[in-house]
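Student: Have a look at this one.
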Amino acid sequence: MSKQKTTLFRGAATALITPFSLGRIDFEALGALIERQIKAGVSALVIAGTTGESATLTDPEKMALFAFAAERIGGRVPLIAGVGCADTAHTVTLSRSACAAGADALLVVTPYYNRPSQAGLRAHFETVADAAEKPVILYSVPGRTGVSIHTDTYIALADHANIIGVKEASIDLGAISALIDHCSDRLDVYAGNDDMTVPLLSLGGAGVISVISNVIPAAISDVCRLWFDGKPRLSAAKATKFHGLSRALFSDTNPVPVKAALAMMGLCREEFRLPLVPPDKEVRERVRACLSSLKLLTE
């Protein structure tokens, strides 16, 4: 990293669900989830990301989430606020408000649906980073947004003093390798897919922004810790143990299976906002079987 940048976190950050109760945010459940994550040793928390059903949250709800999380976390781990949307001006507004609400950093996804060019992506991220008072982590998830950030664009964006990292949810190891090769001195790179955590760490990545750590936060934190402690085989073995759970938690659109899993564990209600609906019987049974095999069910 250059002198003007610092690493926000190394290891596992959890992309936390947003619990609902009767159509509203369940702040009591959220507080308990936050405490569970921090006690398990996660390195950071992402609030109102994809797993937090950000697409159906209103702006006031997002700000209430950020303010509540900031107070509950109390500086123990970084709070990363999901603020990206399809409109640059709106993203700027959300970014400024999230910083004022107590966020330590911002997660900014590539603008979805309108699918901008690489020049448009660069202009979007630079505009947001110029306006933000806190560091920005870029988020590339082509399976959801229909657009990828190319290596040359990453190289250009890495020069921005306020852009410090990347959540890369790609399965293209060649592209990830090129990103790390060209930008790791200026950008920390995090896996955006749980099954890519160890491969990305092996390429020089800084960790993972995880979905399955909603369920097993200590285990995913251990995967990263073991790697950074110079024990790659133990890290890989630990990760392999949970491949079945990972597949089950992505057997339907995220966050449907993971929220269902947490509900089975008694940690939240199984409540979604349309257009997301509860999982079907097959997915539910698959998730329950994995939780049972890992002794994560109390019933």
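Student: Please state which of the following conditions residue 76 fails to meet, knowing it meets all the rest: (1) farther than 21 Å from residue 128 by Cβ; (2) part of a helix (DSSP H, G or I).
Tutor: Every condition holds for residue 76 apart from (2).
Student: (1) touching a Phe, Trp or Tyr at 6+ places or on another chain (Cβ under 9 Å); (2) part of a loop (DSSP other than H, G, I, E, B); (3) open to solvent by less than 60 Å² (accessible area, probe 1.4 Å); (4) not hydroxyl-bearing (Ser, Thr, Tyr): which one isn't true of residue 258, the others all being true?
Tutor: Tallying (1) touching a Phe, Trp or Tyr at 6+ places or on another chain (Cβ under 9 Å); (2) part of a loop (DSSP other than H, G, I, E, B); (3) open to solvent by less than 60 Å² (accessible area, probe 1.4 Å); (4) not hydroxyl-bearing (Ser, Thr, Tyr), residue 258 fails exactly one: (2).
Student: Would you please name the residue that is nearest to residue 121 (Cα to Cα), looking only at residues in region 139-162 that are assigned to a helix (DSSP H, G or I) and of a type outside the set (A, V, I, L, M)?
Tutor: 153
Student: Looking at this structure, is residue 292 assigned to a helix (DSSP H, G or I), open to solvent by 20 Å² or more (accessible area, probe 1.4 Å), of a type in the set (S, T, N, Q) and more than 20 Å from residue 13 (Cα to Cα)?
Tutor: yes
Student: Just need a number here: residues in region 3-26 that are out of contact with any strand residue (DSSP E or B) (no Cβ under 9 Å at 6 or more places or on another chain) and at pLDDT 95 or above.
Tutor: 7
Student: Identify, by number, the condition in (1) closer than 21 Å to residue 33 by Cβ; (2) under 21 Å from the mean Cα position of the chain (by Cα) that residue 294 doesn't meet.
Tutor: Exception for residue 294: condition (2).
Student: Condition test on residue 137, is it under 19 Å from the mean Cα position of the chain (by Cα), under 20 Å from residue 169 (Cβ atoms) and in contact (Cβ under 8 Å) with a residue 24 or more places away in the chain?
Tutor: yes
Student: Quick check, is residue 281 open to solvent by 60 Å² or more (accessible area, probe 1.4 Å) and under 26 Å from residue 172 (Cα atoms)?
Tutor: The answer is no for residue 281.
Student: Can you pull out every residue in region 42-62 that is part of a loop (DSSP other than H, G, I, E, B) and touching a Gly at 6+ places or on another chain (Cβ under 7 Å)?
Tutor: 43, 48, 49
Student: I would also like to ask the following. Being assigned to a loop (DSSP other than H, G, I, E, B), under 22 Å from residue 197 (Cα atoms) and open to solvent by 10 Å² or more (accessible area, probe 1.4 Å) is the filter here, so list the residues in region 13-41 that pass it.
Tutor: Result: 41, single match.
Student: Looking at region 237-255, which of its residues are open to solvent by less than 70 Å² (accessible area, probe 1.4 Å) and either among the basic types (Lys, Arg) or more than 30 Å from residue 227 (Cα to Cα) (or both)?
Tutor: Listed by number, the list holds a single entry, 238.
Student: Please work out if residue 170 is farther than 30 Å from residue 71 by Cβ and either part of a strand (DSSP E or B) or touching a Leu at 6+ places or on another chain (Cβ under 7 Å) (or both).
Tutor: no
Student: If you don't mind, another one. For region 79-136, give me each residue that is of a type in the set (S, T, N, Q) and in contact with a strand residue (DSSP E or B) (Cβ under 8 Å, 6 or more places away or on another chain).
Tutor: Selection gives 91, 95, 110.
Student: Taking only region 176-198 into account, find how many residues are open to solvent by less than 40 Å² (accessible area, probe 1.4 Å) and part of a helix (DSSP H, G or I).
Tutor: 9
Student: Also: How many residues are open to solvent by 70 Å² or more (accessible area, probe 1.4 Å) and not β-branched (Val, Ile, Thr) when one looks only at region 261-277?
Tutor: Total satisfying the criteria: 3.
Student: Sticking with this one: Just give me the residues in region 69-92 being surrounded by fewer than 17 Cβ atoms within 10 Å (Cβ to Cβ), in contact (Cβ under 8 Å) with a residue 24 or more places away in the chain and over 20 Å from residue 141 (Cβ atoms), in sequence order.
Tutor: Within region 69-92, 71, 76 qualify.
The values are calculated or read from the model by the stated rules, or taken from the named source; none is laboratory data. Here the structure is a predicted model, which means the values were calculated and not measured. Every residue, glycine among them, receives a Cβ derived from its backbone with ideal geometry; neighbour counts consider all protein chains shown. In case anyone asks, the SASA skips ligands and DNA or RNA and just uses the protein heavy atoms, side chains included. Shrake-Rupley method; radii C 1.70, N 1.55, O 1.52, S 1.80 Å.
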